[in-house]
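To start, the structure under review is shown below, and the notes come after it.
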Amino acid sequence: MHTAFSELTSLARGMDRASVAGEVVSALGLVLTVSGLQRAVGIGAHCTVEGSGGPVLAEVVGIDAAGTRLLPFGTWDGVRVGDRVSVTQGGAELRPDDAWIGRVMDALGRPLDGQGRLPEGAEPRALRAAPPPAFQRRRVGPRLSTQVRVMDAFTPLCRGQRMGVFAGSGVGKSTMMAMLARNAEADVIVVGLVGERGREVQDFIQDDLGAEGLERSVVVVSTGDEPPLMRRQAAWTATAVAEHFRDQGKQVLLLVDSVTRFAAAQREIGLAGGEPPTAKGYPPTTFTELPRMMERAGPGTGESGDITALYTVLVDGGDMDDPVADAVRGIMDGHIVLDRRIAEQGRFPAVSLLRSISRMLPDCHTPEEFAIYRAARRAAARYADMEELIRIGAYRKGSDADVDAAIRLSGPLDTLLTQGKREATAAGETFAALAACLDEAGIAP
C-alpha cells in the first residue's frame with residue numbers, strides 16, 4: 001500500500017500542471033482587470049498577458065467580484081479586451097548563482113552589462129522570503145571595518161547591523177555607498193539601485209564603484225522610468241541575492257538606494273490595487289512591506305553568514321519626521337544623517353556627528369576608542385552650541401576653557417573627517433589620528 005502511494009505521488013509530481021487562463025475585460029490606467037482567474041491565483045502571483053505587441057509580464061495586486069487586477073512589469077501597449085492571460089509558474093522566485101558576482105542586472109534578473117546571459121543556480125529562492133526566526137538568529141557581531149573615517153569612529157557598523165542613511169538629494173549618498181562597496185570588510189557586496197536616474201547608473205558603476213568595487217559586487221538596477229513593480233522588485237531581488245550568499249556562510253554587505261523610492265513604488269501599487277491612502281498618501285501596505293523587507297537582513301543562523309545592510313532614505317527638505325523616514329528609523333539599528341550645510345562647506349562625507357548614532361555603541365568600540373569618541377563628540381557638541389556666537393565674533397577667547405578647546409579641535413577634526421571617495425583608512429589609524437587631534441587641542445579623552 002505504501003509503495004503504491006509513493007508511486008502515485010511521484011506520478012502526480014511528474015504530470016504537467018493544468019493550464020488555467022483568463023481574459024482581459026478592462027484596462028484603466030495601469031490596472032488591467034481579468035476574468036476567469038479569481039480561483040486560480042493569489043496576491044503576488046505572476047501572469048502573462050498575450051497582447052498584440054507581445055507578451056507582457058504582470059503581477060496580481062487585487063482580487064474581487066469584478067475580477068483579478070494586474071499591474072505590468074512593462075507597459076500595456078497593444079493589450080486589448082479579450083486577450084488571453086495565463087498564470088506564470090514560478091514567476092515570484094529567483095535562482096541566484098555565484099557567477100553573478102561582478103555582474104549588473106535588472107529587477108527580473110536579466111543582464112544589463114552586455115556580458116551574456118546569467119547562469120541560474122540550482123535552488124530557487126522566493127523574492128518575498130520570511131526573515132530568519134528571531135530566536136534562532138545570532139547576536140550582532142564585531143565591528144566591520146568600512147575604512148570610512150567618520151563611520152569607523154563616530155557611527156560604527158557591526159556585522160549583521162542595519163543602518164539607515166538619511167539625506168536630501170545631491171548630498172553624497174551614492175558616493176558614500178560606493179566608498180563602502182570598495183572598502184568595507186565583506187565577502188560579497190550586493191547593491192540595489194531602486195528608481196535610480198538613468199543617466200547616473202553608468203556614472204555610479206564606472207566612476208563611483210569602479211572596477212575594484214564591481215569585481216566583488218552584484219548590482220541590481222531599476223531606473224526611475226520603469227513601472228512601480230520593477231522598482232519595488234529591485235529591492236526584493238537585491239535582498240534575495242544577499243540571502244543566497246549569506247546562506248553559503250559569507251559576510252554580505254547589502255546597500256539599497258533608496259528606500260524612499262521603494263516606498264513610493266509600493267504607494268503606486270497599493271493605490272492602484274484599491275487601498276485607501278493614509279499618511280501623505282501612503283497606503284497601509286507601505287508600512288507593512290518596509291519591515292518585511294528590512295528584517296530579512298541582519299545576523300544569520302547556525303553556520304550561515306550575516307547580511308549587514310545600509311538603506312538610504314531621501315528626506316525632502318531635511319524632514320526627518322516624514323512618514324517613511326520615521327518608519328525606517330524605528331526599524332534600523334542606527335542612523336547616519338548627511339547634512340547639506342556640511343556638504344556646502346566642502347566636508348565629504350557630509351555626516352552630521354551630533355544627529356547620527358549607531359545603536360551598537362559602546363560595545364563595538366574598545367574602552368580606549370570609546371573614550372576618544374566620547375571626548376570628540378562632546379567637544380563637537382560644545383562647538384555647535386556656540387557656533388553662531390563664534391562666527392559673528394561675539395565669543396571672547398578665554399571666556400570658557402571647554403569652548404576654547406572645542407574651537408582648537410574644530411579645524412583639525414574637519415580635516416580628518418574629510419575623505420576623498422578613493423581614500424581608505426584603517427580604523428586603528430583613524431583613532432590614532434583622532435587622539436592626536438584631541439591632544440593638540442588640549443582635550444583629555
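Observations, loosely collected:
- The dipole here belongs to the chain: it is taken about the Cα centre, uses +1 on the Cβ of Lys and Arg and -1 on the Cβ of Asp and Glu, and is about 460 debye.
- Loop-resident trypsin sites (Lys or Arg not before Pro) (DSSP state other than H, G, I, E or B) in segment 317-401 with no more than 10 further Cβ atoms inside 10 Å of their Cβ: R396, K397.
- Taking a quarter of the surface of the Cα convex hull of segment 105-171 gives a mean projected area of 8.5 nm².
- Size of segment 33-84 as Cα extents on the principal axes (Å, biggest first): 27, 20, 13
- Per residue, segment 259-327 exposes 35 Å² of solvent-accessible protein surface, assessed with a 1.4 angstrom probe and all protein chains in place.
- Loop-resident sites, segment 367-434, for GluC sites (Glu not before Pro), counting at most 16 other Cβ within 10 Å (DSSP): E423
- Top of P276, P156, P111 by mean-square fluctuation, Gaussian network on the chain, Cα under 10 Å: P276
- Cross-link reach list, lysines versus K250, counting only Cα pairs under 23 Å and skipping chain neighbours closer than eight places: none
- Using the rule -39500 (n - 2.57) for each DSSP H run of four or more residues, divided by the residues of the chain, the 222 nm mean residue ellipticity is -11000 deg cm²/dmol.
- The shape of segment 239-395 can be summarised by an equivalent ellipsoid whose semi-axes, obtained from the alpha carbon gyration tensor, come to 33, 25, 12 Å from longest to shortest.
- Note on the chain: antiparallel DSSP beta bridges, both residues inside, total approximately 55 percent of the bridges counted.
- Ellipsoid equivalent to segment 51-139 - semi-axes via the Cα gyration tensor, in Å: 31, 22, 10
- Applying the criteria of a DSSP loop state and at most 15 other Cβ atoms within 10 Å to the GluC sites (Glu not before Pro) of segment 40-143 yields E120.
- Gained length - R377 relative to D203, 0.36 nm times residue gap less alpha-carbon distance: 59.2 nm
- Cβ-based charge dipole, segment 58-135, positive-most Cα from G78, G109, A66: A66
- Here segment 310-358 is treated as an ellipsoid with the same Cα gyration tensor; its semi-axes, largest first and in whole Å, are 19, 13, 8.
- Here the gap between T301 and A122, fully extended at 0.36 nm per residue and compared with their Cα-Cα distance, gives a gain of 62.3 nm.
- The fraction of accessible area contributed by carbon and sulfur in the chain is 51 percent, rounded to a whole number (1.4 Å probe; ligands and nucleic acids excluded).
- Modelled label reach - T418, point 7 Å along Cα→Cβ, segment 119-157 residues with backbone N closer than 16 Å: 149-150
- Where only alpha carbons of segment 285-336 are counted, the Rg and the Dmax (Å): 12.8, 44
- Rg of the Cα atoms in the chain, relative to 2.2 N^0.38 Å, amounts to 1.13.
- Accessible-area value, I407, 1.4 Å probe, nucleic acids and ligands omitted, Å²: 60 Å²
- Reachable lysines, given that their alpha-carbon falls under 16 Å from the alpha-carbon of K173 and they are not under 8 places away in the same chain: K421
The values are calculated or read from the model by the stated rules, or taken from the named source; none is laboratory data. Here the structure is a predicted model, which means the values were calculated and not measured. Neighbour counts are summed over all protein chains in view; Cβ atoms, including those assigned to glycine, are modelled from backbone coordinates with ideal geometry. What goes into the accessible areas is simple: the full protein's heavy atoms, side chains included, and nothing from ligands, DNA or RNA. Shrake-Rupley method; radii C 1.70, N 1.55, O 1.52, S 1.80 Å.
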